[in-house]
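One structure is given below, encoded as structure tokens.
The values are calculated or read from the model by the stated rules, or taken from the named source; none is laboratory data. Please read these numbers as outputs of a predicted model, since none were measured by experiment. As a convention, Cβ positions derive from the backbone with ideal geometry for all residues, glycine included, and neighbour counts pool all protein chains shown. Ligands, DNA and RNA are stripped out before the accessible areas are found, and what is left, the full protein with its side chains, is counted by its heavy atoms. Shrake-Rupley method; radii C 1.70, N 1.55, O 1.52, S 1.80 Å.
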Amino acid sequence: MNDLSHRTQNNSTNNQWTSEEAAYAGEAICLDEEQQCRVGAYGMLAQLLRNPPDQQVLSQVSAFTGLTSEVDELALSMTMLGLSAASSNCGAVDDEFHNLFIGMGRGELVPYGSWYQTGFLMERPLGRLRDDLVRLGFQRQQGVTEPEDHVAALCEVMAILIQESQPFQLQAEFFETHMAGWLERFFTDLSEARSAVFYKAVGRFGSAYMALEKRYLNMTV
């Protein structure tokens, strides 16, 4: 059984998944630039939404400032995320993360698919997700108790599927079934959350990226 943290170590920390898929032998898979960008976007979102970023991560994200000369919403959101990271310190972002996602009993937002789709945790959408993850060969890392429909976990899965060069049809089906119905709403809520400062920019980028990804996957199937 392969440890998939090897596959995403450059994109996400504390990856939730292991896998029984035998196709990957630990060697780097050559991806074109477009696919590398997709892996990077999903990996960055997973990292920022799994744990509060340290100063090194904030410094890396700050490099998004001026990364592109395009003027569409995705490019603007990348620039704003970079500027926000450059002006943030990890202590303040840590407090913000806890207020948003942990809180006293519950944070301002609940970043789980079941919650967004049914209003409750651990409902049928999670069961369907678990069935598909088993079919795809994914297992949770030992000691992980968090439900698999956490937004960071889903972004990690997509990054892994892209890194493995899994068929676009499979990627599109997973995205449409388990992400498309709620992630844009989640990121919009994040961009408008009262507790959010740095994470407003994360939400704006997430919204723009999910809209782009939906169009991209619809075109390639």
If the chain between Val71 and Cys30 were fully extended at 0.36 nm per residue, the gain over the current Cα-Cα distance would be 11.8 nm
Furthest towards positive pole of dipole, Leu170, Thr188, Cys155, structure part segment 145-201, Cβ charges
Thr188
Loop chymotrypsin sites (Phe, Trp or Tyr not before Pro), segment 94-151 (other Cβ atoms within 10 Å of the site Cβ: 16 or fewer; DSSP)
Phe120
Using a 1.4 angstrom probe, figure out how much accessible area segment 129-206 has per residue, in square angstrom, rounded to the nearest whole.
40
Would you pull out the residues with amide H under 5 Å of Gln139's amide H, same chain only if 5 or more places away, H placed 1.01 Å from N?
Thr18, Ser19, Glu20
Given a 1.4 Å probe and every protein chain left where it sits, what share in percent of the accessible area of segment 136-221 is carbon and sulfur?
50
Give the residue list of GluC sites (Glu not before Pro) in segment 57-152 that are DSSP loop and have at most 14 other beta-carbon atoms within 10 angstrom.
Glu70
For segment 57-126, what does the accessible surface come to per residue with a 1.4 Å probe? Please give it in Å².
55
Ordered by number, the trypsin sites (Lys or Arg not before Pro) in segment 140-221 that occupy a DSSP loop and have at most 15 other Cβ atoms within 10 Å are Arg194
With charges set only on the Cβ (+1 for Lys and Arg, -1 for Asp and Glu), what does the dipole of segment 34-184 come to about its Cα centre, in debye to the nearest 20?
360
So how far, in whole Å, is the C-alpha centre of segment 195-211 from the one of segment 118-151?
24
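Would you mind computing the Rg to Rh ratio of segment 63-221 from its alpha-carbon coordinates, Kirkwood style for Rh?
Looking at segment 63-221, the ratio lands at 0.97.
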